[in-house]
Amino acid sequence: MRLLVTGGAGFIGANFCHHLARTTDHTITVVDKLTYAGNRANLEGIDAQRLTFVEADVTDAPTVTRLAEASDVIVHFAAESHNDNSLREPRPFVDSNLLGTFTLLEAARHTGTRLHHISTDEVYGDLELDDPQRFTEETAYNPSSPYSATKAGSDMLVRAWVRSFGVQATISNCSNNYGPYQHIEKFIPRQITNILIGRRPKLYGAGLNVRDWIHTEDHSSAVLAILERGRIGETYLIGADGEKTNLEVMRAILSLMGQDPDAFDHVTDRPGHDLRYAIDATKLREELGWVPAFRDFEAGLAATIDWYRDHESWWREAKEATEAAYARRGQ
Ligand code: NAD
Ligand code: TDX
């Protein structure tokens, strides 16, 4: 197949392209605007015969339509993805996440190309710590932040284009990813790189918020399973039973890096901070036979720490500016 991967120079999109290159014969065209979060170097190592890179905005309708025409499937990762940024400046989230998805849906409608839309568990809002229920495909949408609201809106556009125009689309909502190539503004790489440069890691509030961690390789294999066996019009939740408090993750990182597990600072909490996310991936597992490969979080975390230690040149340049932006907000 000929795959068009939007946002393929970002964290999850790039990992997905590497996964495709390793496990399939598909050809890959990446379309990416190369925002601060996109990096062409993330795709290095993929055979140039199989990969075409196009620098463009997914709101650029003529370009997106031309690329869709030449593809069998669009996998749509491109988005503004960081909650903290959406609280500071929401506009790019509306542009890329809502208008970007709209533009791709119109391209899919006019060319008949299948589209898989990558979304997040955050569209469902948050759960109480002791709630026995986890999110399922039937949970009502209840987003909290400008980021999750624009992702929820983009999911609704996909559903409407399926029903109203017969667009051949699927949606997946995944939990928090970790692994190589994640921007250092995000929780896990921020703490690892802080420790590597001798700065104390920063925990928002008391750190009791729960995230449901999944290795990005498992996200990639789940998306591939949906492309190969998923039913058009359906939504699949992706998660690997990885619930942990931020405090637990923080202490695990410090311990794995040979530090005192309490050598971190509590900093100003995120406004409107979602308490807990948790995914019930029964549909994906039972209908498509998907199973995650990375079941040992500590081992995955240790490998991720090694990756950041071995790739300092990849993250070093962005570190001071990223930390300066956090410092301005007391974080
Ligand atoms: P990221 O911020 O690392 O990468 C986003 C990529 O999209 C970058 O390469 C950026 O340049 C590109 N991009 C942004 N706006 C664009 C535009 N208008 N046109 C073209 N390219 C554009 O994000 P990520 O963490 O890799 O997330 C990828 C997708 O997965 C997003 O849709 C996100 O909502 C979703 N998701 C992320 C997580 C997570 O834990 N990070 C979990 C579930 C779902
Ligand atoms: O320095 C920090 N300290 C801290 O305690 C940072 C950056 C974060 N946190 C907390 C906030 C969250 O509870 O850690 C948790 C994870 O934070 P992020 O890495 O910012 O992720 P989150 O807000 O949970 O959203 C992520 O998962 C869902 C991705 O960024 C989204 O794109 C995805 O949709």
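A few comments on the model shown:
- Any hit, the stretch 272-284, residues being open to solvent by 80 Å² or more (accessible area, probe 1.4 Å) and at pLDDT 95 or above: no
- Leu87 vs. criteria within 11 Å of ligand 1 (Cβ to nearest atom) and open to solvent by 20 Å² or more (accessible area, probe 1.4 Å): no
- Inside the stretch 191-200, residues that are surrounded by fewer than 21 Cβ atoms within 10 Å (Cβ to Cβ) and either under 14 Å from the mean Cα position of the chain (by Cα) or within 8 Å of ligand 2 (Cβ to nearest atom) (or both) make up a count of 0.
- Which numbered condition Val58 misses (of (1) in contact with a helix residue (DSSP H, G or I) (Cβ under 6 Å, 6 or more places away or on another chain); (2) β-branched (Val, Ile, Thr); (3) outside any loop (DSSP other than H, G, I, E, B)): (3)
- Single condition Leu284 does not satisfy, out of (1) within 19 Å of the chain's Cα centre (by Cα); (2) closer than 22 Å to Phe11 by Cα: (2)
- The stretch 265-276 residues that are more than 19 Å from Thr120 (Cβ to Cβ), paired with ones that are open to solvent by less than 70 Å² (accessible area, probe 1.4 Å) (beta carbon under 6 Å, 6 or more apart): Asp265/Lys202; His266/Leu203; Val267/Lys202; Val267/Gln331; Thr268/Gly330; Thr268/Gln331; Asp269/Tyr204; Asp269/Gly205
Yes/no per residue for (1) of a type in the set (A, V, I, L, M, F, W, C); (2) away from ligand 1 (no atom under 11 Å from the Cβ); (3) touching a His at 6+ places or on another chain (Cβ under 6 Å):
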position: Leu157; (1), (2), (3): yes, yes, no
position: Arg163; (1), (2), (3): no, yes, no
position: Ser172; (1), (2), (3): no, no, no
position: Tyr181; (1), (2), (3): no, no, no
position: Ile184; (1), (2), (3): yes, no, no
position: Asn194; (1), (2), (3): no, yes, no
position: Glu217; (1), (2), (3): no, yes, no
position: Leu224; (1), (2), (3): yes, yes, no
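- Filter result for the condition that a residue is more than 23 Å from Cys174 (Cβ to Cβ), touching a Phe, Trp or Tyr at 6+ places or on another chain (Cβ under 8 Å) and within 10 Å of ligand 1 (Cβ to nearest atom), over Arg109, Arg40: Arg40
- Per-region count, the stretch 134-155, residues within 15 Å of ligand 1 (Cβ to nearest atom) and among the basic types (Lys, Arg): 1
- Residue count for the stretch 153-190, restricted to those that are open to solvent by less than 40 Å² (accessible area, probe 1.4 Å), within 11 Å of ligand 2 (Cβ to nearest atom) and among the hydrophobic types (A, V, I, L, M, F, W, C): 3.
- Listed conditions (1) within 22 Å of Ser144 (Cβ to Cβ); (2) open to solvent by less than 30 Å² (accessible area, probe 1.4 Å); (3) basic (Lys, Arg) are all met by Lys244, apart from (2).
- Selection over the stretch 8-30 of residues that are part of a loop (DSSP other than H, G, I, E, B), within 16 Å of ligand 1 (Cβ to nearest atom) and touching a residue at least 60 places away in the same chain (Cβ under 8 Å) gives a count of 2.
- Filter pass, Arg66 being within 14 Å of ligand 2 (Cβ to nearest atom) and surrounded by fewer than 19 Cβ atoms within 10 Å (Cβ to Cβ): no
The values are calculated or read from the model by the stated rules, or taken from the named source; none is laboratory data. Only a predicted model underlies this, so the values are computations on that prediction, with no experimental measurement involved. Quick reminder, even Gly has a Cβ in these numbers, built from the backbone with ideal geometry, and neighbours come from all protein chains shown. Accessible surface areas use protein heavy atoms only, side chains included; no ligands, DNA or RNA. Shrake-Rupley method; radii C 1.70, N 1.55, O 1.52, S 1.80 Å.
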